[in-house]
Amino acid sequence: MSTQGPQQSKLVQWWIDLFQKISGPLPQLLTDEASPTEDAPSAKEDAKNRLKLVLMHDRTQISPTLLESMRDELVQVICKYVEVDQTTLDLCLEQETNTIALVANISVVRSKESNTSA
Amino acid sequence: MATKTEGRVIVVTSGKGGVGKTTSTANIGAGLARMGYKVVLIDTDIGLRNLDILMGLENRIVYNIVDVVEERCKLNQALVKDKRMPNLCLLPAAQTRDKSALTPEQMKTVVEELQKEYDFIFIDSPAGIEQGFQNAVAAATEAIVVATPEMSSVRDADRIIGLLETKEEITNYKLVLNRVRADMIKANDMMDVDDVLEILSVKLLGIIPEDQDIIISTNRGEPVVLREGDKIPRATLAYRNIASRIAGEDVPFLEMDVPTPWVERFKSLFRFGAA
Ligand SMILES: Nc1ncnc2c1ncn2[C@@H]1O[C@H](COP(=O)(O)OP(=O)(O)O)[C@@H](O)[C@H]1O
Ligand SMILES: [Mg+2]
């Protein structure tokens, strides 16, 4: 704390304290324009999105782990019939107007049976 | 006057603790009493009673609701009359017992008796969704769900709404959104009223701003809704509006936009200079 000129730094601190007392938090005032959070979602959006997801799990009582094992089994079943890109298989809950839907999104590479005759 | 119709029984609940159930019970109840209705407030938070403190009636308690159901006294003996209004009273919780000292059936019996006398019976419920909650909702036909615009509170409110939906006796429930901060909403740091309504798909009963006058009032044992004069706090107005809506009046919702604090104005001055 006390490096060069304790007298001076005390005085500076006094001014900063005084300034903060009248103006509120100083950093907020000065960094306001330069804040880097311009395109990151706001805390409000974060809360909304996370909450929507949590509530879908709460309401359906389908936990993320359960969803995961359903996904894995689904992959196995589907792979018996068609060749799919396993990494893109996405199973999730989606809020529709009045219900919650289980939505699977699967990119099919091609059919297992070689009926790609043409 | 015609014979009195049965009093309305309204439970105030939330799931999560500390979101403003007791504050809302005291203020909405006192607000309706202020309008002239006969109101009784029941504290069902057995072991953690607080409604008496908020009402400033803690020194007048002789008996409590457990004494009534265990027949150590008459219901009338346990009712604590408010010091400001003769048409308002409190049925206190027991402080030295636990939730199991009361059953839903006993609650119904007590409430039925009160319904003959009073226009409104407000039931302040404890936190949680176990027996205390079951006791509190047992006799109610309407519910007020209290939440703050925070994730954990909204999540718990959703759970409570799910439980209320399964209760046939509850014909109607509405949301009171408490501790709303216009400054944080403006900065996109807090969910606004519409966000919460959308997520919970519930009807709105009222919006209470974050207001230090609520704490001051609690310290004084005088519900904020009873402040008078021409410089009343915003929370006073907010609770009066809720009371009026419950009584059937069509009152517009509070505009949450507070006057810009001078620090903000100072900042915009800078921006203006730069532009
Ligand atoms: N709108 C508000 N503004 C400021 N403080 C509040 C507000 N609502 C409640 N509080 C405070 O929050 C605390 C918890 O409120 P309380 O009504 O006891 O919650 P609960 O009954 O749900 O546990 C109390 O200290 C109360 O004074
Ligand atoms: Mg309480």
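Bear in mind that the values in this text are calculations on the coordinates, not laboratory data. Keep in mind it's a predicted model, so treat the numbers as computed, not measured. All Cβ positions, even for glycine, are placed from backbone atoms using ideal geometry, and neighbour counts span all protein chains on display.
Return the sequence-ordered ³J(HN,Hα) values of region B:179-189 in whole Hz as given by the Karplus equation 6.51 cos²θ - 1.76 cosθ + 1.60 applied to θ = phi - 60°, using x for Gly and Pro.
Each residue of region B:179-189 in turn: 6, 6, 10, 4, 5, 6, 5, 4, 8, 6, 9 Hz.
So if I place +1 on the C-beta of Lys and Arg and -1 on the C-beta of Asp and Glu, and nothing else carries charge, what would the dipole magnitude of chain B be about its Cα centre? I want it in debye, nearest 20.
The dipole magnitude comes to about 660 debye.
Ranked from highest to lowest mean number of other Cβ atoms within 10 Å per residue, what is the order of the peptides B:218-227, B:65-74?
So the order, starting with the most tightly packed, is B:218-227, B:65-74.
Quick one: Karplus J couplings for region B:141-155, per residue in order, coefficients 6.51, -1.76, 1.60, θ = phi - 60°, nearest Hz, x for Gly and Pro?
Computed from phi, the couplings for region B:141-155 are 10, 9, 9, 10, 9, 9, 8, 10, x, 10, 3, 5, 5, 5, 4 Hz.
Given all pairs of different Cα atoms, what value in angstroms does the Kirkwood hydrodynamic radius of region B:163-205 take?
Kirkwood hydrodynamic radius for region B:163-205: 11.9 Å.
Can you list the lysines whose alpha carbon is less than 16 Å from that of A:LYS52, not counting same-chain residues fewer than 8 positions off?
Within reach: A:LYS44.
How large is the helix-only mean residue ellipticity at 222 nm for chain B, computed as the sum of -39500 (n - 2.57) over DSSP H runs with n ≥ 4, divided by its residue count, in deg cm²/dmol to the nearest 500? Intermediate results must be reported in sequence, preceding the final value.
Working: 12 runs with 113 residues, N = 275.
Result for chain B, helices only: -12000 deg cm²/dmol.
For chain B, build the charge dipole from Cβ charges (+1 Lys, Arg; -1 Asp, Glu) around the Cα centre, then report which of B:GLY229, B:ALA147, B:ILE242 sits farthest towards its positive end.
B:GLY229
Out of all DSSP beta bridges in chain B, what portion is antiparallel? Express it as a percent rounded to 5.
5
I want to verify a result. In a Gaussian network model of chain B, Cα cutoff 10 Å, which of these has the top mean-square fluctuation: B:LYS81, B:LYS174, B:LYS116?
Largest GNM mean-square fluctuation: B:LYS116.
Cα gyration tensor of region A:42-118, axes a ≥ b ≥ c as square roots of the eigenvalues: rounded (a/c below 1.5), prolate (a/b > b/c) or oblate?
The shape class here is prolate.
Report the normalised scattering of chain B as log10 I(q)/I(0) at q = 0.07 Å⁻¹, calculated by the Debye formula with identical scatterers on the alpha carbons.
Log-scaled intensity ratios, in q order: -0.26.
Using packing as a proxy for protection, rank B:228-238, B:21-31, B:137-147, B:189-199 so that the peptide with the highest average count of other Cβ atoms within 10 Å comes first.
On the way: B:228-238: 14.9, B:21-31: 28.2, B:137-147: 24.2, B:189-199: 18.5.
Taking the mean over residues of other Cβ atoms within 10 Å, the ranking is B:21-31, B:137-147, B:189-199, B:228-238.
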